[in-house]
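Encoded as structure tokens, the structure appears first; notes follow it.
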Ligand code: NAP
């Protein structure tokens with residue numbers, strides 16, 4: 001939205017303009033900034049400007065308005081006394097004019113009270129003489145207070161049909177937060193939520209009403225009106241559940257969109273569905289951006305990590321807006337990057353979530369072992385995690401786990417009242433099936449998905465624990481002796497989780513020729529997202545396609561020194577009755593990956609024995625297939 005506030009000097013343009021800019025979250029410009037020096041000198045000397053003097057000044061403002069329209073809008077205050085001056089500024093249909101008018105004596109009084117202003121009160125009459133009644137816009141009498149003038153102006157702007165920069169579909173947790181984040185960063189936004197008979201009405205309107213500080217939002221429940229409210233080419237972000245809902249929404253949306261419009265799917269869609277949708281929209285000349293978003297509700301509102309892929313042209317249409325709303329890395333760069341073609345944005349979000357599953361499960365395993373094996377109080381576990389979080393082990397998930405261990409409800413630990421059945425929405429399991437499809441070992445992260453599955457069988461667990469008299473045993477040794485090992489084991493388990501995820505991403509990227517940039521992907525995961533951590537910063541700085549993940553700087557030493565600790569901790573946990581699925585799968589995976597002589601010779605012999613599947617020999621590098629008649 002572009003707003004121009006006009007009026008003779010002394011009408012309070014700058015005050016109203018600044019207030020409007022603040023409420024509309026737009027940059028503010030004052031016409032005085034655009035005067036060439038010669039004009040300022042003339043005015044300071046009390047000489048009136050000629051029309052010729054004003055041409056470069058008006059042109060500079062017109063150029064700024066064109067630039068501002070592209071980046072989301074602006075508020076400009078300018079005397080623009082004549083209609084011919086206003087015409088020079090009328091560079092877009094998006095401009096809304098507010099013309100301040102008032103009693104000459106009141107203006108004189110205000111001008112006389114101003115100090116250090118180059119426009120002296122004596123010039124008022126020449127300005128009034130020049131002033132022409134505007135042909136369009138809102139004439140606003142200046143008699144009220146600045147706040148009253150602001151409200152009147154906002155009401156006027158609301159009454160003007162105005163094209164919005166972006167539209168957001170789905171006012172759930174994420175859609176609402178992202179829409180408000182956009183509005184706060186100066187991107188005018190139309191909000192839409194479907195209406196389902198018998199359910200709550202006016203969901204989008206409620207969001208607008210509950211956030212009156214943003215005057216650059218509009219609410220809709222009618223899809224056609226929502227689409228009509230948007231500037232062309234349109235930019236629409238869908239934040240609705242993955243799966244059939246996305247296809248159904250596209251079915252209703254696409255017939256009312258046009259060529260060159262952009263649709264973004266910011267949900268957790270399966271990347272293969274996204275690839276199909278990129279093609280579907282491409283066939284009709286539209287852009288589709290499958291986009292991962294991480295950070296939960298708070299991240300979406302204050303700064304998420306954003307992973308857009310798909311149509312590069314479509315990305316260019318929203319690059320600036322996404323940069324504004326995203327988290328920023330340690331160097332202040334936006335945590336958003338164009339990931340790659342097809343469904344790559346959703347693919348890396350899927351793997352991100354899979355690593356997230358693994359990271360959460362390792363912490364859950366440690367909390368259990370420390371509390372019920374080592375007898376630590378929740379406060380003690382929280383203290384240990386907080387201390388680890390001060391150093392290189394720092395991570396968002398460690399921080400929130402330390403925090404939730406202290407959360408009390410009516411004086412009792414809330415954690416112990418939460419049913420021990422973990423939920424999931426699909427991304428973890430999709431990563432696992434993708435890893436299987438590509439033949440990539442995935443056991444540590446797969447175990448985090450399986451662990452949630454096992455947790456779901458509560459009734460069976462309770463019954464079996466009685467049948468088999470299964471209980472946790474207290475660890476005999478001292479916590480102090482074990483703590484350095486537990487810390488090293490935790491650090492290595494995390495490294496393994498990340499290696500597994502990055503290996504899958506690299507394999508799929510190479511196979512599909514996506515050319516994913518893993519320094520950049522890990523960089524956008526250093527802030528805003530759920531798996532942000534010191535380790536991720538290390539990966540961003542040191543990842544290299546020519547060095548294996550385990551040999552990366554900052555990692556190799558821990559693989560060497562931490563594996564004994566992880567093996568010992570897993571051994572201790574298992575012998576004391578604790579299920580440690582991710583940590584034990586992790587050490588098995590690592591040992592498997594760094595073992596020169598594996599047990600697979602036995603498998604090959606067995607396969608050849610019962611199925612004549614043949615085998616190759618270590619003493620014949622030609623790769624020749626051998627078969628033995630084993631039972632003869
Ligand atoms: P949510 O709170 O459940 O909201 C879902 C929204 O989608 C609601 O506005 C709902 O409208 C609408 N919706 C549901 N079914 C629809 C349909 N068939 N057609 C049109 N609209 C429909 O979900 P959310 O947490 O915001 O998540 C949205 C997407 O972001 C999901 O894909 C999710 O996986 C992903 N995501 C979530 C998070 C998170 O932390 N929550 C983080 C990253 C990504 P009604 O009110 O009318 O049902």
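Just so you know, all these numbers are worked out from the coordinates, no wet-lab data involved. These numbers were taken from a predicted model, which means no experiment stands behind them. Virtual Cβ from ideal backbone geometry, glycine too; neighbours counted across all protein chains shown.
The value given for region 357-420 is a Kirkwood hydrodynamic radius of 12.1 Å, derived from the mean inverse Cα-Cα separation. With neighbours defined as other Cβ atoms within 10 Å of a residue's Cβ, the residues 613, 346, 35 order from fewest to most as 613, 35, 346. Binning the alpha carbon pair distances of region 166-342 at 10 angstrom intervals from zero yields the distribution 10, 41, 38, 10, 0, expressed in whole percent. Calculated [222 nm] ellipticity per residue, helices only, for the chain: -16000 deg cm²/dmol; basis is -39500 (n - 2.57) per DSSP H run with n ≥ 4, divided by all residues, nearest 500. When only alpha carbons of the chain are considered, Rg and Dmax amount to 31.8, 118 Å.
Going by neighbour counts of Cβ atoms within 10 Å, the residues 499, 313 line up, fewest first, as 313, 499. Normalising by residue count, region 119-183 has a Cα convex hull of 170 Å³ per residue. Nearest 10 degrees, 0 to 90: what angle lies between the long axis of helix 378-388 and the longest principal axis of the chain (Cα atoms)? Rounded to the nearest ten degrees, it is 80.
The coefficient of translational diffusion for region 477-623, derived via Stokes-Einstein from the alpha carbon Kirkwood radius under 20 °C and 1.002 mPa s, stands at 120 µm²/s.
Once the gyration tensor of the Cα atoms in region 1-96 is diagonalised, the equivalent ellipsoid follows with semi-axes of 22, 15, 11 Å, ordered largest first. The C-alpha atoms of the chain define a longest principal axis, and helix 51-70 lies at about 20 degrees to it. In the chain, the longest principal axis of the Cα atoms and the axis of helix 146-159 are about 70 degrees apart. The rule of thumb for compact globular proteins, 2.2 N^0.38 Å, goes into the C-alpha radius of gyration of region 270-352 1.08 times. Both radii are taken from the alpha-carbon atoms of region 400-456; with Rh as the Kirkwood radius, Rg/Rh is 1.16. With both residues required to sit in the chain, DSSP beta bridges show an antiparallel share near 20%.
Based on the Kirkwood approach, the hydrodynamic radius assigned to region 351-594 is 18.7 Å, with every pair of different Cα atoms included.
Sorting 320, 619 by the number of Cβ atoms found within 10 Å of their own Cβ, with the fewest placed first, yields 619, 320.
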